[in-house]
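Undergrad: Input: one structure, supplied below.
The values are calculated or read from the model by the stated rules, or taken from the named source; none is laboratory data. Model, not experiment: these values are computed from the prediction. With ideal geometry, Cβ positions are generated from the backbone for all residues, glycine too; neighbour counts draw on all protein chains shown.
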């Protein structure tokens, strides 16, 4: 008769339960670096007075995407070339959210101080974008223009943080499928 051992699961394969503390630290540090890179990209775009607004959004998103891939691959190489699906997802989400946090503080505190007329320039650019939209009704345009009138650096920063947080949750869903590498 087999002896029953209480308290110890008798599984053949050890179960991995997500990222270790070290993985979150790596992701947070790479997120800080990614956030700083995104701030530099934003300053370059502001230097050109956002005349390159459409390419700026793509470059911003591709930089976030690329930093997630680069950091996760580097982390995977440092840890026996093993990265489970859940670990890859959590790593990329942590990186993206920490980059969003850095960019939030930049957009809220630093950019309005460094760039004179930031809020006025942002509002003028948003007015131009809304007025050029032809596929929305006048009531929707009016509501968006009212929102723009009330824009403060904090409101702008919260909006940017929410956009980056959404990207940081959905981009890793796709990335983790390609970044995972198990035994």
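Undergrad: Take the conditions within 17 Å of residue 60 (Cα to Cα) and in contact with a helix residue (DSSP H, G or I) (Cβ under 9 Å, 6 or more places away or on another chain) and apply them to residue 168. Does it pass?
TA: The answer is yes for residue 168.
Undergrad: Step by step: first the residues of the stretch 84-106, then only those that are crowded, with 23+ Cβ neighbours inside 10 Å and closer than 13 Å to residue 159 by Cα, then the one that is nearest to the chain's Cα centre (by Cα). Which residue is that?
TA: 100
Undergrad: If a residue has to be assigned to a loop (DSSP other than H, G, I, E, B) and under 13 Å from residue 22 (Cα atoms) to count, how many in the stretch 65-92 make the cut?
TA: Residues meeting the conditions: 1.
Undergrad: Here's a follow-up. Return the pair list, or none, for Cβ contacts closer than 8 Å from residues in the stretch 114-131 that are over 17 Å from residue 143 (Cα atoms) to residues that are at pLDDT below 70, at least 6 apart or on different chains.
TA: That search, which allows pairs on different chains as well, returns 121/49; 121/50; 121/115.
Undergrad: Consider residue 81 carefully, then state whether it is exposed (fewer than 13 other Cβ atoms within 10 Å of the Cβ) and either in contact with a helix residue (DSSP H, G or I) (Cβ under 7 Å, 6 or more places away or on another chain) or on the phi > 0 side of the Ramachandran plot (or both). Full working, then the answer.
TA: Working: exposed (fewer than 13 other Cβ atoms within 10 Å of the Cβ): yes; either in contact with a helix residue (DSSP H, G or I) (Cβ under 7 Å, 6 or more places away or on another chain) or on the phi > 0 side of the Ramachandran plot (or both): yes.
Answer is yes for this residue.
Undergrad: To continue, here is another question. Sort through 118, 161 and tell me the only one that's surrounded by 14 or more Cβ atoms within 10 Å (Cβ to Cβ), closer than 24 Å to residue 47 by Cβ and modelled with pLDDT of 85 or more. Explain how you work it out, then say what you get.
TA: Details: 118 fails: modelled with pLDDT of 85 or more.
From the options 118, 161, the qualifying one is 161.
Undergrad: Surrounded by 16 or more Cβ atoms within 10 Å (Cβ to Cβ), assigned to a loop (DSSP other than H, G, I, E, B) and either within 20 Å of the chain's Cα centre (by Cα) or at pLDDT 85 or above (or both), is that true of residue 38? Full working, then the answer.
TA: Details: surrounded by 16 or more Cβ atoms within 10 Å (Cβ to Cβ): yes; assigned to a loop (DSSP other than H, G, I, E, B): no; either within 20 Å of the chain's Cα centre (by Cα) or at pLDDT 85 or above (or both): yes.
So residue 38 fails the test.
Undergrad: Let me ask something additional. Quick check: anything in the stretch 133-149 part of a helix (DSSP H, G or I), more than 18 Å from the chain's Cα centre (by Cα), exposed (fewer than 12 other Cβ atoms within 10 Å of the Cβ) and modelled with pLDDT under 75?
TA: no
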